[in-house]
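Quick note: the coordinates plus some simple rules give every number you see, no bench work behind them. Note that the structure is predicted; figures quoted are calculated from it, not measured. Positions of Cβ are backbone-derived with ideal geometry, glycine not excepted, and every protein chain shown enters the neighbour counts.
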Amino acid sequence: MREMRHLGVPFAVGVLCTLAWWSTPSKAEPWPERTVHVILPLPAGSGTDTAARLFAQGLAVRWGKPVIIENRPGGDGIPAVTGFLTARDDHTLLLSFAGVITINPLVHDKLPYDPAHDLVPIVSIVDNFFAIAVSETLKVASLEDFVKLARTQPGKLNWAATSGLPDYIFAALQRSAGLKLTQVSYRDFAPALQDLGEGRIQVAVTGLSLLLPQVDAGKAKLLLVTNRERSRLAPTVPTAKELGHPDLTFDGVVGLYGWRDIPAALKERIASDVRTVGSDPAIIERVASFGSVVRVGTSADFVAAIEEQRSKIAALHAASGKQGQ
């Protein structure tokens, strides 16, 4: 579940040009009364981190209080969730990928939190793009070509994926297409991208913008994106659905979560303010520039997106026979 490169769009320009957009504070209950902390289970400098800071800037203007992003990456998001819960603070929120609810209960026998009750979805903010790429050493031009080639070499081709959705996505493709490839695990995914470029692994599944440097260098080819729509950064690359694999359609939804028993009125107020900030054209453009799309809606929309992902992942998990950790 991992991360986006930066294009050369100055961060400050969009912010300075749009402060007036957010200048009218909400008039609901007197919250926040002090600094709001937002815990993010991804590293500083990632695409999602940049999006988080754009939204934090806008929310700080609307709320009249600082909004601080705290990065606690790794561990499938568990350290971030734990930090959020142990804060026991109504001025601390979690901004996370949906896997903390949809995937972690399937791959971890024991979790230090209750996904169904401890994390209350407030509103989504962005969708990240995931993609499947192959090494140019394979000399394939399409997904169809790759499938035909892989069927002739069962067990001989290697693949790697970042944990979470990408892992399930490619496992699902193997089952549906009748393929057998060998998975290679990496503690840090950067070497996997280098190995893809050199042909030591033949397939990589991860965030789209992580793959683009190898694609731009002529060392890898994108076969598909898993999202509902094509990516602005790779407009010629088809979606999984366009290629006849609707079961591989996954949006990397990221959103804000509140604490157990967060007041409904406050949850709606936060969601409303996020929608206002997320409707700013400068933020939409900035987020698009590093390979994601702004996705803001209602709390019900966010819940529905999480449930859709949860049910699809649960079915894939059951079919895979994977065991928890």
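Values computed for the structure shown
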{"quantity": "Distance in nm between pseudo-label sites at Ala116 and Ala314 (7 Å out along the Cβ direction from Cα)", "calculated": "0.9"}
{"quantity": "29 Å Cα-Cα reach of Lys241 towards lysines, excluding residues that sit fewer than 8 places from it in its own chain", "calculated": "Lys139, Lys148, Lys156, Lys180, Lys219, Lys221, Lys312, Lys322"}
{"quantity": "Linear extension gain, Asp188 paired with Glu242, 0.36 nm per residue minus alpha-carbon span", "calculated": "16.3 nm"}
{"quantity": "Rg over Rh [alpha-carbon atoms, Kirkwood Rh] for the chain", "calculated": "0.98"}
{"quantity": "Helix-only [θ]222 nm of the chain, DSSP H runs n ≥ 4, -39500 (n - 2.57) each, per residue, nearest 500", "calculated": "-12000 deg cm²/dmol"}
{"quantity": "Among 296-303, 280-287, the order from most to least packed when residues are scored by Cβ within 10 Å on average", "calculated": "280-287, 296-303"}
{"quantity": "Computed over the stretch 184-325: relative contact order in percent, which uses C-alpha pairs under 8 Å that are six or more apart", "calculated": "15"}
{"quantity": "Linear extension gain, Lys180 paired with Asp90, 0.36 nm per residue minus alpha-carbon span", "calculated": "27.5 nm"}
{"quantity": "Length gained when the stretch Lys148-His108 is fully extended (0.36 nm per residue, less Cα-Cα span)", "calculated": "10.9 nm"}
{"quantity": "Computed over the stretch 178-325, Kirkwood Rh from alpha-carbon pairs, angstrom", "calculated": "18.2"}
{"quantity": "Once the Cα gyration tensor of the stretch 130-225 is diagonalised, semi-axes √(5λ) in Å", "calculated": "18, 15, 12"}
{"quantity": "Relative contact order (%) - criterion: Cα under 8 Å, at least six apart; region: the stretch 60-171", "calculated": "22"}
{"quantity": "Contact order relative to length of the stretch 130-225, as percent, for alpha carbon pairs under 8 angstrom and 6 or more apart", "calculated": "50"}
